[in-house]
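Engineer: Take this structure, written in C-alpha cells, and hold onto it; I'll ask about it next.
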Amino acid sequence: MKKYHYIWPAIIALALSLGILIGGKLDFNDSPEKLFTTNSKKDKLNRLIDYIDYEYVDEINTDSIVDVTVNNILEKLDPHSVYIPKEELSQVSENMKGDFVGIGINFYMYRDTITVIRTVENGPSFLEGIEPGDRILIADGDTLYGKNLPSRKIVGTLKGESGTSVDLKVYRKKEDRFFDVTLKRDRVPIKSVESFYMLTPDMGYIKINRFAESTYKEFKKALKSLQKQGAKKLTLDLRDNPGGYLGIAEQLADEFLKEGKLILFTKNNKGKIDKMFATEKGSFENQPVYVLINERSASASEIIAGALQDNDVGTIVGRRSFGKGLVQREMALGDGSAVRLTVSRYYTPTGRSIQRDYQNGSEDYYERFEDRFENGELVSADSIKVTDSLKYTTPKGKVVYGGGGIIPDVFVPIGNLEEETIKSMANLGFTPRFIFEHLEEDREQYEAYTESEFVKNFRVDDILFEKFVNFALSINISMDFYEYEERIKLYLKAALAEQLFSPNISAKIKGEIDQMLLKVIDLDRPTWQPEKPLLKE
C-alpha cells in the first residue's frame, strides 16, 4: 500500500472541509442589531460569573469561562451560529471588508526573515520600488528577523493608520546591498475576484473566492474589462467559495436576471417572509452564463446558483454544493467580541431550502459532508441521493431538488486521488512554497520573460521536476510522480506565473487541464470552433 494512501487523503479531506468550517460562518446579513433585554436567565448567568469572580477559592480567568459558555450555547443551536473572540474580530472583519491598511506585500518568513513574494499593484511597496525577493529587516527600529518571531508582531509593525509612515531597512539579494526606504501606509485591497481572463475568443472567465463588501465592485470591473475584450458569454467560477454577505450575492445575481425575477426569499422565526427581486440594472441579461460549483461552494455561492437555476438562466456545471441555507447576523457583545447568530432561512425562487440536516449536532453535520467521498457522489451523479418530497419544478419544467445543496445541471466528477493530491499541494501552499524557494536560488533566469512569452514558450525542465519530487517525498507524499509528470509540471509553471506575474496568468495555465472548464468549452462548442484544440490533457 502506498504511503500517501494513509496520509494524503486526510489532508485532502481537510482541504475539502476547512473552507466550509470557516467560510460557512461568514454568510450573514449586512446590519447588526441589539437584541439584549434584562431577564431572569441573563441575571442568572451574570450572578454566577460574579460569584466565581469574587468568591471562588482560586483565582480564575472568568473571561475564558464566558467564552466557553458562549461557545457551548451556540453549539446547541446550529453549525453556523458562531462566537468571534475580540482578538479575532478585527481580522475577520478586515477580510470581509475587502481591504486593510498596510504596506502592500505578500511575504514568507524565509530563513527567519520577511521575504517579499510580490507587491500589491499600486500599493505603497509597489510605488516605492520594493521587489520580489527583497528582505525586510527592520521597521521603525524594530528588528523583524530571527527565530520564533511572533507573526502578530510582524503584522502589527507593518500595519497602522492610513497615511502614517514606516521606515524600513531592506536587503536586496540579487544586488547584494542594503537600502532604506520610507513607505506611507495606505488601504490595500484583499481581492475576492481571484482571477479573470478570456477563456475562449468570446467567453470571459471570472473566479470569485468569497463575497466581501468589495466583491460586487471587483466583479463589475472584471466584467467590464472582459466585455471590452469581446466577452459575450461568461463562466462564473464559484468553486471553493464558502460564502459571505447575502446582499452582495443578491447584487451579483441581479446582473443575470431580468427585472422583477425573484432572487430568493428569507423566513425568520416569526414566519416573516422577505423577498428579494432583480432590478433593471442587470448588465449581463440574455447572455449565456455558466456557473461552476463544487462540494465546497456554500451559502452566497448557492444563492447565485439557485437563483439562476430556478429562473432557467444559464447552466450550472460541477458537483453538488455544500448545502447551507441559513442566514446569520453579526451582533456585538460589548467587549470587542461578537456573535454571528442564525436569524433566518433562505429559499430559492422555486421555494427550495438547500440546508442540510443538522439535528444531530455540528460534528455529525461535518462528518456527513465528508461522507461524500465515501458514497461515490463526487464521482457519479447517480450516487447523489434525492428526496421526491423535496422535488420542485422551474418555470420551464426543469426538475430541481431541495435538501442538501444545489445539484448542477451538468455533472463533472472529481479527479482521481493522484490528481486531487497534486491540486491540493497547490491549494494548501506546498507547491507555492517550493517555487518560492526555487526563485530565491535563481530569480534572474526568469527576468527576460514577458507574460505572453512565459505562457507560450516556458517549459518546466526535468531538473526542477526532480527537485519537486524530492520535496514531495520529504513531506511524506508518495505516488507515481512520473505517470503525472506533465500535470505536475503544469502546476509548477502556474505557481511560477503567479509569483512572477499575476494570479490571472496562473489561473489561465491551470485552466488548460481543468475538467470543468473543458466541459464548459465542450458545451459551448456548437457556437465556437477553434482552429485547433484550445486545451489538452
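Engineer: Put +1 on the Cβ of each Lys and Arg and -1 on the Cβ of each Asp and Glu in the chain; which of Val343, Gly146, Thr421 then has its Cα farthest toward the positive end of the dipole?
Structural biologist: Val343
Engineer: Among the aspartates and glutamates, which fall within straight-line cross-link reach of Lys396, defined as a Cα-Cα distance under 17 Å, with same-chain neighbours fewer than 8 residues apart omitted?
Structural biologist: Output for Lys396: Asp310, Asp312, Asp409.
Engineer: Let me ask something additional. If eta is 1.306 mPa s and T is 10 °C, what Stokes-Einstein diffusion coefficient results for the stretch 99-189, Kirkwood Rh from Cα pairs, in µm²/s?
Structural biologist: 123
Engineer: Also, quick follow-up: Could you give the dipole magnitude of the chain about its Cα centre, charging the beta-carbon of Lys and Arg +1 and that of Asp and Glu -1, in debye to the nearest 20?
Structural biologist: That gives the chain a dipole magnitude of about 1440 debye.
Engineer: A further question follows. Given that compact globular proteins tend to follow 2.2 N^0.38 Å, what is the ratio of the alpha-carbon Rg of the chain to that value?
Structural biologist: Against the empirical 2.2 N^0.38 Å value, I get 1.04 for the chain.
Engineer: How large is the helix-only mean residue ellipticity at 222 nm for the chain, computed as the sum of -39500 (n - 2.57) over DSSP H runs with n ≥ 4, divided by its residue count, in deg cm²/dmol to the nearest 500?
Structural biologist: Roughly -11000 deg cm²/dmol at 222 nm, from the helical runs in the chain.
Engineer: Using only alpha carbon pairs under 8 Å that are at least six residues apart, calculate the relative contact order of the stretch 193-411 and give it in whole percent.
Structural biologist: 17
Engineer: Given labels modelled 7 Å from the Cα in the Cβ direction, how far is it in nm from Ser93 to Val66?
Structural biologist: Each label point is offset 7 Å from its Cα along the Cβ direction, giving 1.7 nm.
Engineer: Contour minus end-to-end for Ser383 and Lys147, with contour as 0.36 nm per residue of separation and end-to-end as the Cα-Cα distance?
Structural biologist: So the chain would gain 79.9 nm between Ser383 and Lys147.
Throughout, read-outs are computed from the coordinates displayed, never taken from laboratory work. Here the structure is a predicted model, which means the values were calculated and not measured. When we count neighbours, we look across all protein chains shown, and the Cβ atoms used for this are built from the backbone with ideal geometry, even at glycine.
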